[in-house]
1. Report the net charge of residues surrounding Arg109, where surrounding means a beta-carbon distance below 9 angstrom and charges are Lys +1, Arg +1, Asp -1, Glu -1.
2. For His47, what accessible surface area do you get with a 1.4 Å probe? Give it in Å², rounded to 10.
3. At what distance in nm do the modelled label points of Ala33 and Ser114 sit from each other, each positioned 7 Å from its Cα along Cα→Cβ?
4. Excluding Arg41 itself, calculate the net charge of residues whose Cβ lies under 15 Å from the Cβ of Arg41, where each Lys or Arg counts +1 and each Asp or Glu counts -1.
5. Taking the alpha-carbon distance from Lys36 and a cut-off under 17 Å, which aspartates and glutamates remain once sequence neighbours fewer than 8 residues away in the same chain are dropped?
6. Among the GluC sites (Glu not before Pro) within the range 23-84, which fall in a DSSP loop and have no more than 16 other Cβ atoms within 10 Å of their own Cβ?
7. Among (1) 1.86; (2) 1.00; (3) 1.11, which is the computed Cα Rg over 2.2 N^0.38 Å?
8. When ligands, DNA and RNA are left out and all protein chains stay put, how many square angstrom of accessible area per residue does the chain have with a 1.4 Å probe?
Amino acid sequence: MGFDLSDLAGLLNMGPPAGEAWFEQTESIVGFAPQKPTAKRPIILRHWPDSGAIAYVFARTSNLDRVEVNNPGHDHRQEWPKCWLRDVGSIVVSRPLPVPKDALDEPHRLCSESDQLTIDAVKRARWQTK
């Protein structure tokens, strides 16, 4: 049985890199478009708290009517074979979404963002609602 860096990060309660780690999860968990509970939504990690069971993510949408953070299409299928974000999209940073940390696991990992402008914009965005 292997032990990789994600296992170590989990033991130390360190999450994947904020602004870079992409996941896919159902709308029933993400809640961005709850009217489509079984649809898959790409989400990018914004904040992984040191304690607690909830992380904050932003949803990515292909609806470009309201572009908040432009995210170029991804072209890294050799490195990340599960990534399906080939088209240009928008990351909705005005709506941080709380999701259970355990929903952001390796089986749901899509890829790692490589566009530095996207990473910087996600890291600058506010992640808590008050």
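1. Numbers: positive: Lys82; negative: Glu24, Asp105, Glu106.
Local net charge: -2.
2. For His47, the solvent-accessible surface is approximately 50 Å².
3. Going by the 7 Å Cα→Cβ label model, 2.7 nm.
4. Details: positive: Lys36, Lys40, Arg46, Arg60, Lys82, Arg95, Arg109; negative: Glu24, Glu27, Asp87.
Net of charged neighbours comes to +4.
5. Result set, ordered by chain and number: Glu24, Glu27.
6. On the way: sites: Glu24, Glu27, Glu68, Glu79; in loops: Glu68, Glu79.
For GluC sites (Glu not before Pro) across the range 23-84 that sit outside H, G, I, E and B with at most 16 neighbouring Cβ atoms in 10 Å, the list reads Glu68, Glu79.
7. Matching the structure shown: (2).
8. Details: 7520 Å² over 130 residues.
Roughly 58 Å² per residue, with all protein chains present.
The values are calculated or read from the model by the stated rules, or taken from the named source; none is laboratory data. This is a predicted model, so every value here is computed, not measured. Here the Cβ is made from the backbone with ideal geometry for all residues, glycine too, and neighbour counts use every protein chain on show. Accessible surface areas use protein heavy atoms only, side chains included; no ligands, DNA or RNA. Shrake-Rupley method; radii C 1.70, N 1.55, O 1.52, S 1.80 Å.
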